[in-house]
Amino acid sequence: PKLVDCRSTGISRSELYIVEGDSALGTARMARSSEYQALLPIRGKILNVQKASLQQVLDNAECSAIVQVLGAGSGRTFDLGSLRYGRILIMADADVDGSHIRTLLITLFARYMRPAIEAGRLFAAMPPLHKVTTKGRDPKTVYTYTQAEMESTVAKLEKSGKQVVTPVPRFKGLGEMDADELWDTTMNPATRSVRRITMQDVDSAERVLDLLMGDAVPPRRAWLIDQAARVDRDAIDA
């Protein structure tokens, strides 16, 4: 595995970022705190383990690298006490592909390393979509996470007399951020946004994973058609 390890050997503070792609890895390597933040890059979309056998999972380079680096085994032999890092953070782009990669990784943990989720040690990093900056004296920078939040932020700043730099830049991926931006928004524990992955209702979680990631296509197609009305078409980049 292309692990970029941290110096800390204790799990109380150590974190492993599973990073989407070499481009984001390069920026993350400059941005991170090497004392306690380790990085593991993955290439593209990992195996959908909901459809795979254990042998297929272990034979898959990306899945086996994650299992190997975490050091706690998998499946029935998974030992939470052997987990090498206190937190595992999935860091993928804030786009559709990033969401798919995040879902595939969560599925891997739910199927083969579930105690890590149950112990509250798996997180999804939440990189911003936009960087809103004002002009003039005392310039201000605000990062936003949705189109609606960006538009609301711009409106508030302009109403307060600030001049906003337009067009507001949108990050196409983690690799587009510089090291300071990635640290401030996604890696600094004091300022980042992360979501803890939980399984409070295991039966419900199993049903959703099987629906979205399982072998049966017709129920998934029916669900997608049923949910299509909830999509904000104006928010889709096309």
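The values are calculated or read from the model by the stated rules, or taken from the named source; none is laboratory data. These numbers were taken from a predicted model, which means no experiment stands behind them. Quick reminder, even Gly has a Cβ in these numbers, built from the backbone with ideal geometry, and neighbours come from all protein chains shown. When the accessible area is computed, the model is the full protein with side chains, heavy atoms only, and any ligands, DNA or RNA have been set aside. Shrake-Rupley method; radii C 1.70, N 1.55, O 1.52, S 1.80 Å.
Observations on the model:
- Cβ-Cβ FRET estimate between R196 and T166, R0 fixed at 41 Å, reported to 0.05: 0.70
- Candidates E118, E35, E158: whichever shows maximal mean-square fluctuation once the chain is modelled as a Gaussian network with Cα springs under 10 Å: E158
- Nearest-10 value in Å² for the accessible area of I11, using the 1.4 Å probe: 80 Å²
- Theoretical gain in end-to-end length, K51 to A216 [0.36 nm per residue, Cα-Cα removed]: 58.4 nm
- Local electrostatic count at G98 - Lys and Arg +1, Asp and Glu -1, tallied over other residues with Cβ under 13 Å: -2
- R13 contributes an accessible area of around 110 Å² to the protein surface, as traced by a 1.4 Å probe with all chains present.
- Estimated dipole of the chain in Debye, rounded to 20 [Cβ of Lys and Arg +1, of Asp and Glu -1, Cα centre]: 360 debye
- Taking label positions 7 Å along the Cα-Cβ direction at both V208 and R84, the computed distance is 3.0 nm, reported to one decimal.
- Angstrom value of the Kirkwood radius, inverse mean 1/r, which spans all Cα pairs in the stretch 44-126: 12.9 Å
- Highest mean packing first, where packing is the average number of other Cβ atoms within 10 Å per residue, the peptides 91-103, 143-155 line up as 91-103, 143-155.
- Across the chain, counting alpha-carbon atoms alone, Rg and Dmax equal 19.4, 61 Å.
- Solvent-accessible ranking of S12, S204, largest area first, probe 1.4 Å: S12, S204
- Pairs exceeding a 27 Å alpha-carbon distance, out of K51/K172; K131/K162; K2/K45; K140/K172; K45/K172: K51/K172.
- Expected 222 nm ellipticity per residue - DSSP helices of 4 or more, -39500 (n - 2.57), all of the chain, to 500: -11000 deg cm²/dmol
- Whole-number accessible area per residue in Å² for the stretch 112-206, which is evaluated in the context of all protein chains at 1.4 Å: 56 Å²
- Were the residues from A229 through D138 laid out at 0.36 nm apart, the gain over their Cα-Cα distance would be 28.4 nm.
- Solvent-accessible area of the chain (1.4 angstrom probe, protein heavy atoms only): carbon and sulfur portion equals 50 percent.
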